[in-house]
Amino acid sequence: MQHFLSLFDISPDDLQLILRTAGVVKQKLAAGDRPNILKNQVIALLFEKPSLRTRVSFEAGMAQLGGESLFLGSDVGWGKRESPSDFTNVLGQFVDAVVCRAKQHAQVELLASFNAMPVINGLTDRCHPCQALADILTIEEAFGSYAGKHLVFVGDGNNVAQSLALICAMLKMRFTLACPDGYEMESDWMAMVQAAYPDAEIETLHDPAAAVKTADAIYTDVWTSMGQEAEMVARRQAFKDFQLNKTLLQAAPTSARVLHCLPAVRGEEITDEVIDGDQSDIVRQAGNRMHAQKGLLVWMLGRDWIGKNVV
Ligand code: CP
Ligand code: NVA
């Protein structure tokens with residue numbers, strides 16, 4: 001059974017096919033064509049944390065593909081009312097796939113372990129693979145191609161950064177993390193990336209201005225992720241020199257694009273003038289969540305259509 005717990009679950013060829021499918025489905029939508037590729041299929045959304053983009057983009061995307069989605073709130077009692085196997089094996093009889101946003105990555109692994117239905121990771125503490133799909137689509141649209149591009153992430157070596165490092169390795173793009181000491185990406189994650197993609201061009205620096213010097217895209221995310229609220233004061237102190245502001249942007253090529261997964265804390269990791277500035281693709285990036293995930297859903301649940309419609 002095909003799961004999408006992380007980008008390690010797919011090959012670079014699969015990834016490129018998903019991105020091409022997303023592009024085709026996005027073009028069709030722009031032309032007013034909403035093919036019912038997933039007619040009568042149903043996905044569930046099981047979320048342990050808040051969400052705007054991930055939830056609404058999956059729900060709207062599934063509807064545009066002719067399918068249905070069910071948002072499952074806390075009353076379904078995941079992890080509380082019954083055993084994980086009973087919960088998952090029952091859910092798997094009702095839906096064709098589940099998108100899960102979990103506090104712990106182990107929770108999505110547990111859900112997938114029963115093979116009751118395909119599981120899509122809608123963000124965990126470890127990675128955010130759906131976000132990375134949309135980010136690459138955005139870079140491709142900005143430059144005409146993602147090939148050979150240099151993505152620089154300024155901030156925490158968190159779930160978003162980890163997925164970006166991996167997707168860059170898969171697509172032979174260069175990835176740089178500029179972070180304070182102690183906020184690097186997890187060493188076991190990086191060891192897995194290096195083992196799977198030995199030629200990956202990934203570096204970690206502690207000087208943001210040096211890091212952005214050759215950037216094609218500069219990306220940032222919140223300093224305090226969901227679930228880390230108790231560390232907020234310490235994090236504000238640790239990250240104070242890593243704000244994406246006008247001065248830092250001036251250290252990058254003028255052609256560099258600005259990305260952020262959102263939600264942002266304006267005035268903290270990024271300033272208003274940068275987020276709203278000419279170099280920002282952030283709003284279109286958020287819109288691409290839906291297009292990228294439609295590509296993923298069609299790849300997972302409507303493979304026959306791809307064979308006939310995507311080259
Ligand atoms: N970027 C992202 O995942 O946003 P949400 O938390 O709103 O889903
Ligand atoms: N790193 C952030 C991303 C939110 C989309 C978090 O985990 O809260």
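Just so it is clear, none of the values below were taken in a lab; they were calculated from the coordinates. Only a predicted model underlies this, so the values are computations on that prediction, with no experimental measurement involved. Neighbour counts are summed over all protein chains in view; Cβ atoms, including those assigned to glycine, are modelled from backbone coordinates with ideal geometry.
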Fill in the blank from the handout: Counted residues in the stretch 112-130 being part of a helix (DSSP H, G or I) and either within 8 Å of the chain's Cα centre (by Cα) or within 16 Å of ligand 2 (Cβ to nearest atom) (or both) come to 2
Fill in the blank from the handout: For the stretch 102-125, the count of residues that are out of contact with any Lys or Arg (no Cβ under 7 Å at 6 or more places or on another chain) and either of a type in the set (Ser, Thr, Tyr) or more than 14 Å from ligand 1 (Cβ to nearest atom) (or both) equals 16
Completion exercise
Matching residues in the stretch 80-132 (hydroxyl-bearing (Ser, Thr, Tyr) and over 20 Å from ILE10 (Cβ atoms)) number 3
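Look at the stretch 12-59 and say how many of its residues are part of a loop (DSSP other than H, G, I, E, B) and under 17 Å from CYS127 (Cα atoms).
Here is the first cut: in the stretch 12-59, the residues part of a loop (DSSP other than H, G, I, E, B) are 31-41, 48-52.
Filter once more, keeping what is under 17 Å from CYS127 (Cα atoms): 48-51.
Count: 4.
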Practice task
Hey, can you tell me all the residues within the stretch 243-278 that are in contact with a helix residue (DSSP H, G or I) (Cβ under 8 Å, 6 or more places away or on another chain), within 16 Å of ligand 2 (Cβ to nearest atom) and either closer than 12 Å to ILE218 by Cβ or free of Cβ contacts under 8 Å to residues at least 24 places away in the same chain (or both)?
Solution key: LEU244, LEU259, HIS260, ARG266, GLU269, ILE275
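Going by what's in this entry, would ASP281 be described as more than 25 Å from SER11 (Cα to Cα), more than 15 Å from ligand 2 (Cβ to nearest atom), of a type in the set (D, E, K, R) and in contact with a helix residue (DSSP H, G or I) (Cβ under 6 Å, 6 or more places away or on another chain)?
yes
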Exercise for the section: Check off (1) more than 22 Å from GLY144 (Cα to Cα); (2) more than 16 Å from ligand 2 (Cβ to nearest atom) for HIS291 and give me the number that stays unchecked. Expected result: (1)
